[in-house]
Amino acid sequence: MRIVTATAVALALVGAAAPAATAHQPATEGIWRTDGYGTVLSLRNGTLQEYQTTAVSCVAGDTAQQTGPGTYSTSEGTVLTLRTRGDRDRASLRLDGDVGERNLRRMTELPDACTRSAPGGPLASFDIFWRSFEENYPFFAAKGIDWHAVRDRYRPTVHDGTTPDELFAVFSEMVEPLHDAHVAVFDVDADRNGIPDRAFAQVRPGTVPPDGKLDAKVKKFVVERDLKDARNLQDFAAGRITYADLPGRNGYLRISGFGGYAGDKASYAAELAELDKALDTILDQERTRHLKGLVIDLRINGGGFDAMGLHLAGRLTEAPYLAYAKRARNDPADPTRHTRPQPLYVTPAQGPRYTGPVAVLTGGSTTSAGETFTQALMDRPGRTVRIGQPTQGVFSDVMVRKLPNGMSVWLPNEELLNRSGSTFDGAGIPPHLTEPVFTTEEFDRNKDSAFDRALKVLRGW
């Protein structure tokens, strides 16, 4: 699963503060603090360096190299665009494939913690780990977790002699009660004495993660059972998108992720080009004219680029509309304070569009960008029905936080708001019509109740 991380933000200046912009320097040169996201960015001489900050720490993060005016690219191909505003003491940052932007304010120098060596022992790693959640995680209250009590319980178990294995176990136990699929602990330097790299991650109880093995099993089942009478069955985008024409002038579109279409390190532009290539074939002028209904199957969807979901939604409407609003925690001491919500819209695409009835199939293995796309269809003009089970319940970009001992952690810090100002984090987006999704009984009896229900609904419209 490819996730566009909220803090895979890059820059490459080490040590001292960059001077304010002058007539001889790009306007973006200098040091910037993000509104929320616990990040300071330092730009100098065409290099961009990220610093991950808490009240007790500053850890150097990723770097990126300048590729154009205000544009930087990381070694993994993530493109970042930074633009100044007004008096040049304010700026915005946008990541390719992400939705919305991050607001920045210029600083005169790096925080003191970023200019001196930091302790690297187990206690320092524990404190940064705990602080990263304390200052950024939005959902402790909703999940009934007393994070301070968690610290009081586990910090006394950590000391200078705590081994990497023991610390990894402590961190995993601390976050296990969150049951958050966007929370993970990684021991990236665990290749000691033949021990491979380790990761702790989990999904909401009662759900299954959308891995490749499950995807292959479900795809085979769907093709052999649901699509046995279909025409024009085709795979696109490295097999992650499947389309078929169903009897009764209905269509079936299966999307197993919003990315991974053009190779592991492909740019967002290359990924988007593959999506458009698929959609130009699937939703061509002839098909959109005659299609009576469309089933969009997201039941196994591992996420990816949120912007691709908005892009696809633009092929399914003739009028612009609000998809959702995005905000992030921005006060380390107050979890009720956030950035100003950014409204994000679905814009009708150029060329042929399908605007008829849509049945969206979802389940607990619909995650991340699969969920933000589902949310983007909730206020779609025209008939849209959700069938199956609630989605996984994780909508935020993922912050990547490095720890001094070589471990790292993923955590969310954002919320995607609907029109009433609430979110679907934790519980997921509920279906209009509840049906079992790929249960053992369904497989054993060769049933696909959600798919069959979708066809019945579309025939009735």
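The values are calculated or read from the model by the stated rules, or taken from the named source; none is laboratory data. All values reported here derive from a predicted model rather than from experimental measurement. We place every Cβ from the backbone using ideal geometry, glycine too, and count neighbours over all the protein chains shown. Side chains are part of the model used for accessible areas, which takes the heavy atoms of the whole protein and leaves out ligands, DNA and RNA. Shrake-Rupley method; radii C 1.70, N 1.55, O 1.52, S 1.80 Å.
Just a few scattered comments:
- Flag if A169 is open to solvent by 20 Å² or more (accessible area, probe 1.4 Å) and touching a Gly at 6+ places or on another chain (Cβ under 8 Å): no
- Candidate set from the stretch 85-100 (those that are under 13 Å from the mean Cα position of the chain (by Cα) and part of a loop (DSSP other than H, G, I, E, B)); member that is farthest from A266 (Cα to Cα): G100
- Taking first residues from the stretch 52-67 that are closer than 22 Å to L82 by Cα and in contact (Cβ under 8 Å) with a residue 24 or more places away in the chain and partners that are assigned to a strand (DSSP E or B) and open to solvent by 50 Å² or more (accessible area, probe 1.4 Å), the Cβ contacts under 7 Å between residues at least 6 apart in sequence or on separate chains come to Q52/K402; V59/K402; G61/K402.
- Scanning the stretch 422-461 for residues that are within 30 Å of H182 (Cβ to Cβ), assigned to a helix (DSSP H, G or I) and β-branched (V, I, T) yields a total of 1.
- Scanning the stretch 39-50 for residues that are open to solvent by less than 10 Å² (accessible area, probe 1.4 Å) and touching a Leu at 6+ places or on another chain (Cβ under 7 Å) returns V40, L41, S42, L43, L48, E50.
- Only one of L310, L298, L322, L291 that is in contact (Cβ under 8 Å) with a residue 40 or more places away in the chain, surrounded by fewer than 23 Cβ atoms within 10 Å (Cβ to Cβ) and under 18 Å from T366 (Cα atoms): L310
- Residue match in the stretch 82-95 (condition: at pLDDT 95 or above, crowded, with 19+ Cβ neighbours inside 10 Å, under 25 Å from E414 (Cα atoms) and polar (S, T, N, Q)): no
- Residues that are closer than 30 Å to Q392 by Cβ, part of a strand (DSSP E or B), modelled with pLDDT of 95 or more and of a type outside the set (G, A, S) do occur in the stretch 192-205.
Let's see how each residue does on (1) in contact with a Lys or Arg (Cβ under 6 Å, 6 or more places away or on another chain); (2) farther than 25 Å from A319 by Cβ; (3) β-branched (V, I, T); (4) crowded, with 22+ Cβ neighbours inside 10 Å:
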residue	(1), (2), (3), (4)
D379	no, no, no, no
D397	no, yes, no, yes
N405	no, yes, no, no
E415	yes, yes, no, yes
G428	no, yes, no, yes
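- For the stretch 66-83, a residue qualifies if it is in contact with a Ser or Thr (Cβ under 6 Å, 6 or more places away or on another chain), farther than 29 Å from A376 by Cα and in a strand (DSSP E or B), and exactly one does: T67.
- For the stretch 207-219, a tally of residues being open to solvent by 90 Å² or more (accessible area, probe 1.4 Å) and over 20 Å from V295 (Cα atoms) returns 1.
For (1) at pLDDT 95 or above; (2) in contact with a helix residue (DSSP H, G or I) (Cβ under 7 Å, 6 or more places away or on another chain); (3) small (G, A, S), each residue gets a yes or a no:
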residue	(1), (2), (3)
I387	yes, yes, no
V398	yes, no, no
L411	yes, yes, no
A427	yes, no, yes
L433	yes, yes, no
P436	yes, yes, no
W461	no, no, no
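- D127 vs. criteria touching a residue at least 12 places away in the same chain (Cβ under 8 Å), of a type in the set (D, E) and under 17 Å from P332 (Cβ atoms): yes
- Members of the stretch 158-182 found to be within 28 Å of G370 (Cα to Cα) and hydroxyl-bearing (S, T, Y), listed by number: S172
- Of all residues in the stretch 54-69 being more than 24 Å from the chain's Cα centre (by Cα) and over 28 Å from W130 (Cα atoms), the one that is most open to solvent (accessible area, probe 1.4 Å): P69
- Qualifying residue in the stretch 101-123 (condition: in contact with a Lys or Arg (Cβ under 9 Å, 6 or more places away or on another chain) and assigned to a helix (DSSP H, G or I)): yes
- Residue satisfying condition, being open to solvent by 30 Å² or more (accessible area, probe 1.4 Å), free of Cβ contacts under 8 Å to residues at least 12 places away in the same chain and of a type in the set (S, T, Y), within set T355, T336, T347: T336
- Verdict on E135 being surrounded by 13 or more Cβ atoms within 10 Å (Cβ to Cβ) and touching a residue at least 40 places away in the same chain (Cβ under 8 Å): yes
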